[in-house]
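What follows is a single structure, written as structure tokens, with notes after it.
Nothing in this text is a laboratory measurement; each read-out follows from the coordinates by a stated rule. Worth saying up front: this structure is predicted, and the values here are computed from it rather than measured. Heads up, the Cβs are rebuilt from the backbone with ideal geometry, glycines too, and the neighbour counts pull from every protein chain shown.
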Amino acid sequence: MTYRIQGETGSWEVVIGLEVHAQVISASKLFSGASTTFGAEPNTQVSLVDAALPGMLPVINGVCVEQAVRTGLALRAKINHRSIFARKNYFYADLPQGYQISQYEQPIVGEGKLVLDMPDGSSRTVGIERLHLEQDAGKSMHDQHPTRSLIDLNRAGVALMEIVSRPDMREPEEAGAYLRKLRSILRYIGTCDGNMEEGSMRCDVNVSVRPEGETELRTRCEVKNVNSVRFVMQAIEAEASRQVQVWESGAEVKQETRLFDPSKGETRSMRSKEHAHDYRYFPDPDLLPLEFDEDFVDRVRQSLPELPDDKKERFITDYGLTPYDASVLVVDRESADYFEAVAQGRDGKTAANWVINNLFGALAKAGHSVADSPVSAAALGKLLDLMASDVINGRIAKDVFDVMIGTGGDPEAIVEERGLRQVTDTGAIEAAIDAVIAANPGKADEVRGGKEKLLGWFVGQVMKATGGKANPGLVNDILKSRLLGG
Amino acid sequence: MALDKTTVANIAFLARLDVPQDQQEALAGELSGILTWIEQLGEVDTQDVAPMTCVADLALAWREDVITDGGYPARVLANAPEQLDGCYVVPKVVE
């Protein structure tokens with residue numbers, strides 16, 4: 001299904017590129033020894049370097065370099081052994097230096113790619129143009145005083161990775177999948193916590209539109225600082241529709257920076273950013289080129305965990321999962337590890353079904369995450385064993401699972417305590433069946449007369465009579481031989 | 001390279017310098033003179049010369065990722081023209 005906007009003059013294609021700012025996980029800042037911890041008292045985590053006092057010089061944090069390289073490797077990207085820091089000049093109260101130390105012409109990471117897992121189970125590849133290291137700005141607070149803004153520099157100088165995609169996406173859903181996948185990878189490798197609500201991952205969206213069939217790109221607009229996956233998708237729809245209207249009215253879309261207002265569902269121009277693209281970049285004379293050798297890159301490469309794409313492939317091959325189930329399970333390491341612990345030595349597909357359909361649903365309802373699940377992987381595994389060895393049937397297993405979610409109890413103990421063991425005693429089942437048949441002679445005759453669909457009704461009645469504990473296979477077999485003589 | 005008055009006004013705005021209109025013309029002349037003088041460098045053949053980003057042939061020194069600084073908000077704010085609740089106070093800047 002292709003996403004198109006139907007205008008008055010025809011069908012329009014949307015072209016989307018994303019710039020993600022991901023806060024690097026490190027103890028101290030990119031160029032100073034001040035702490036990066038979130039939520040401290042204002043200006044307590046600021047060095048004189050971050051406050052840009054005269055004469056202070058930046059010194060690069062080795063771990064931030066490693067984190068950028070680690071992320072580059074996870075994005076299958078070209079790692080540049082030599083990169084340059086540049087000054088990006090702009091004037092704003094939360095940027096005490098008057099420039100941001102960033103990378104311009106020679107970033108630390110070059111071209112890479114990201115594979116999107118779409119909801120229908122298919123995959124698409126989006127190109128990564130570059131990843132570079134830069135400083136975060138401070139925080140402005142506009143709501144603390146009627147006429148003044150307050151500035152806290154705790155965040156100023158924290159390392160960011162700016163990750164720029166190619167304009168390869170064509171629908172809002174792809175942009176959502178891109179962000180989810182990028183976040184998943186960053187969390188796997190521990191380079192960014194990916195928390196969009198707290199602002200440790202922020203997204204600028206580049207949107208343009210063109211009539212279906214046109215191959216040239218038209219002028220794009222940049223929608224700044226959209227802070228959730230859902231808002232990114234909404235902002236794209238709103239901005240693309242606006243641009244279609246502009247073109248169709250005979251006007252031209254002009255390149256500008258816009259803001260998305262989620263409450264109104266529309267974007268508006270940011271006048272203050274009119275000069276925003278006049279950054280007058282130049283190499284930062286305070287910093288020498290950043291250089292490292294292939295040994296360094298190899299050491300970082302060896303520290304990488306199994307990545308989501310590789311894990312997904314392995315789950316499909318080793319456990320026979322569908323691509324969709326595999327992609328759901330590998331979203332975060334905790335879920336993947338949990339699934340593997342359950343699937344170990346058992347049927348992979350059954351394990352996946354239980355983890356995805358029963359466990360995830362129950363956890364979401366109870367507000368738990370996989371990490372603090374009341375049902376351990378070992379306990380869920382035991383429950384599957386009880387089913388596999390016919391101690392309980394599938395229906396009872398769901399009841400036992402509900403008890404486990406509520407109490408965290410052991411499945412075997414729950415089955416014993418509540419007498420839920422499956423009835424496999426043929427005599428008992430036969431007695432129940434005979435009683436049901438005797439109570440419903442009319443319906444029994446109908447089955448005998450060829451209305452086999454009614455057999456299901458009889459199975460239900462017998463299950464009810466045995467408190468759901470009868471082995472459904474046995475019930476079926478005996479019923480058939482009783483009613484159809486087969 | 002010659003700069004005109006409009007370019008000078010724009011550069012002044014970006015640098016937040018207050019250059020009165022009646023000085024812009026003169027400044028344009030002075031800046032153009034400096035740029036023209038620098039442009040003499042264009043006469044040098046740099047065909048096989050790698051771009052230089054720094055004068056010394058040194059590599060960048062790396063720091064360990066440890067917290068060694070911060071924790072002195074009073075020093076950080078010492079030069080602030082105005083402060084409140086541990087923050088710098090500036091004219092309201094908001095969209």
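In loop segments of chain B as defined by DSSP, the trypsin sites (Lys or Arg not before Pro) with at most 10 further C-beta atoms inside 10 Å of their C-beta are B:ARG16.
Dipole magnitude for the protein assembly as shown: computed about the Cα centre from +1 point charges on Lys and Arg Cβ and -1 point charges on Asp and Glu Cβ, it is near 1920 debye.
Positive-end ranking of A:VAL355, A:PRO305, A:GLY62 along the dipole of the protein assembly as shown, with charges on Cβ about the Cα centre, is headed by A:VAL355.
Ordering A:ASN195, B:MET1, B:ASN79 by the projection of their Cα atoms onto the charge dipole of the protein assembly as shown, which places +1 on the Cβ of Lys and Arg and -1 on the Cβ of Asp and Glu, puts A:ASN195 at the extreme positive end.
Suppose every K and R has +1 on its Cβ and every D and E has -1 on its Cβ; what is the size of the dipole of chain B about the Cα centre, in Debye to the nearest 20? It would help to have the intermediate numbers written out before the result.
Numbers: 5 positive and 16 negative charges, 89 e Å.
My answer is approximately 420 debye.
Taking amide H positions as modeled 1.01 Å from N, with prolines and chain starts lacking one, the residues under 5 Å from A:ARG155 and 5 or more places away or on another chain are A:LYS139. Exposed loop positions in chain A were taken to be trypsin sites (Lys or Arg not before Pro) whose DSSP state is not H, G, I, E or B and which have at most 10 other beta-carbon atoms within 10 angstrom. Between these positions, the longest stretch is A:1-253.
Which of the pairs A:LYS398/A:LYS480; A:LYS254/B:LYS92; A:LYS398/A:LYS469; A:LYS113/A:LYS224 have their Cα atoms more than 21 Å apart in this structure?
Numbers: A:LYS398/A:LYS480 27 Å; A:LYS254/B:LYS92 28 Å; A:LYS398/A:LYS469 12 Å; A:LYS113/A:LYS224 23 Å.
Listed pairs above 21 Å: A:LYS398/A:LYS480; A:LYS254/B:LYS92; A:LYS113/A:LYS224.
What separates the Cα centres of the stretch A:433-467 and the stretch B:1-36 is a distance of 97 Å. With all pairs of different C-alpha atoms in the average, the Kirkwood value for the hydrodynamic radius of chain A is 26.8 Å. For GluC sites (Glu not before Pro), the sites in the stretch A:175-231 that DSSP calls loop and that have at most 13 other Cβ atoms within 10 Å are A:GLU197, A:GLU198, A:GLU212, A:GLU214, A:GLU216.
Residues within the reach of a label modelled at B:ASN79 (point 7 angstrom out along Cα to beta-carbon, backbone nitrogen below 11 Å), restricted to the stretch A:83-120, are A:97.
Considering only A:PRO42, A:VAL15, A:PRO262, and ranking their Cα positions along the charge dipole of the stretch A:5-299 that arises from unit charges at the beta-carbon of Lys, Arg, Asp and Glu, the one farthest toward the positive end is A:PRO42. With N the number of residues in the stretch A:307-371, Rg(Cα) / (2.2 N^0.38 Å) evaluates to 1.02. Find how many whole Å separate the alpha carbon centroid of the stretch A:1-16 from the alpha carbon centroid of the stretch A:173-237. Cα centroid to Cα centroid, the span is 19 Å. Note on the stretch A:292-356 and the stretch A:141-164: Cα centroid distance 38 Å, given to the nearest whole angstrom.
With r as the distance between the Cβ atoms of A:ARG170 and A:GLU248 and R0 = 25 Å, compute the FRET efficiency 1/(1 + (r/R0)^6) and round to 0.05. With a Förster radius of 25 Å, E is 0.80. Out of every Cα pair in the stretch A:426-484, what percent are spaced more than 17 Å from each other? When all Cα pairs of the stretch A:426-484 are counted, 24 percent exceed 17 Å. Count Lys and Arg as plus one, Asp and Glu as minus one, and take only other residues whose Cβ is under 11 Å from that of A:MET387; the net charge is then +1. Need one word for chain B: rounded, prolate or oblate. Basis is the Cα gyration tensor (sqrt eigenvalues a ≥ b ≥ c); a/c below 1.5 gives rounded, then a/b vs b/c decides. The shape class here is oblate.
Can you show me the helix-derived [θ] at 222 nm for chain A, built from DSSP H runs with n ≥ 4 at -39,500 (n - 2.57) apiece and divided by the number of residues, rounded to the nearest 500. Provide the component values of the computation, followed by the final result.
On the way: 16 runs with 182 residues, N = 486.
Mean residue ellipticity at 222 nm (helix-derived): -11500 deg cm²/dmol.
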